[in-house]
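Take a look at the structure set out below.
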Amino acid sequence: MKAMVFAAGYGERLRPLTERVPKALVPVGGRPMIEYPLLLLKHYGITQIIINLHHLGGKIKEHLRDGTSLGLQITYSEETELLDTGGGLLRARAFLAENTFIVINSDVIIDLALSELLDQHQKRGAIATLVLRPDPRADLYGAIETSEDLRIQRFLAHKAPRSEAAGDLTKYMFTGVQVLEPGVFDYMVDEGPFGITRMTYPKMLVQGEPLYGFPFRGYWQDLGTAERIGEAEAKFRSGEVRLHYLKY
């Protein structure tokens, strides 16, 4: 199995630091933030990884090189223009399209059992499984709603066929972690930058494709701002959070 880690963004909320350091290399708890998803993948034996690059991408490449120092085999997808998540994923199609693959944002820390996620994905016959978390602000940021069987029935403003008959729905927010089948590429059109959550998943949903959610209630932290990085570091220092895939 292969994986993709998104690392091309500008990190605008972390400026001025990210004017000279790519967001993916901003230190969190003593290591560049991108190393958290990379080490999570390695823990579960997923070592062939592609990373997309744009803003200060050369510095990421210089730091990680071919991944040997982390026990990985890293390939890079360099974007001359920022392609967003969908465009970036489509550009990496040749690397990913042979089998089931995982996609993770470089700016999140998640204490996730990938084996359980993959097991559910396979058992449900999903074309995509999104790791979701309960959040009272789901409506504010864009709710994803699942039925009792965890099938996604509503994605932002879009509805699956017969979603009205799906019974009570539960609202979640997306964590930035997903498992995909190569069939997702059939719903992508090479037309420049586009977001997978804004364009691809809604298109798949209304066509009745099996999209599923994987509810997650463990530790998750977005690293998009200095305040959120500080929250993560405080929990590491206090021992409140110990990630199962790291050696202490």
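Only the coordinates and a few stated rules stand behind these numbers; no lab work does. Source: prediction; values computed, not measured. Please note: Cβ atoms are built from the backbone with ideal geometry, for glycine as well, and neighbour counts cover all protein chains shown.
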Pop the C-beta distance of Ser69 and Arg217 into the FRET formula with R0 = 35 Å and round what comes out to the nearest 0.05. 0.60
FRET efficiency, Arg124 to His158 (Cβ-Cβ, R0 22 Å, nearest 0.05): 0.65
Tensor-based shape of the stretch 1-101 (alpha-carbon gyration tensor, a/c under 1.5 rounded, otherwise prolate or oblate): oblate
Lys pairs in the stretch 159-248, Cα-Cα under 23 Å, at least 8 apart or on separate chains: how many? 4
Which of rounded, prolate, oblate describes the stretch 118-173, given a ≥ b ≥ c as roots of the alpha-carbon gyration tensor eigenvalues and a/c under 1.5 marking rounded, otherwise prolate only if a/b is larger than b/c? oblate
Out of the DSSP beta bridges found with both residues in the chain, what percent are antiparallel (nearest 5)? 50 percent
Counting only other residues whose beta carbon sits under 9 Å from that of Met173, what net charge do I get with K and R as +1, D and E as -1? +2
Summed over the other residues with a beta carbon less than 11 angstrom from that of Asp84, with K and R at +1 and D and E at -1, the charge totals 0
Please give me the summed charge of the neighbours of Phe216: other residues whose Cβ is under 15 Å from its Cβ, Lys and Arg +1, Asp and Glu -1. -2
Relative contact order of the stretch 1-158, please, whole-number percent, based on alpha carbon pairs below 8 angstrom and at least 6 residues apart. 27 percent
Aspartates and glutamates near Lys59 by alpha-carbon distance under 15 Å, same-chain residues fewer than 8 away left out - which ones? Glu19, Glu35, Glu78, Glu79
Given the rule -39500 (n - 2.57) for each run of at least 4 DSSP H residues, summed and divided by the residues of the chain, what is its mean residue ellipticity at 222 nm, to the nearest 500 deg cm²/dmol? -7000 deg cm²/dmol
Apply the a/c threshold of 1.5 to the C-alpha gyration tensor of the stretch 42-95 and tell me whether it is rounded, prolate or oblate. oblate
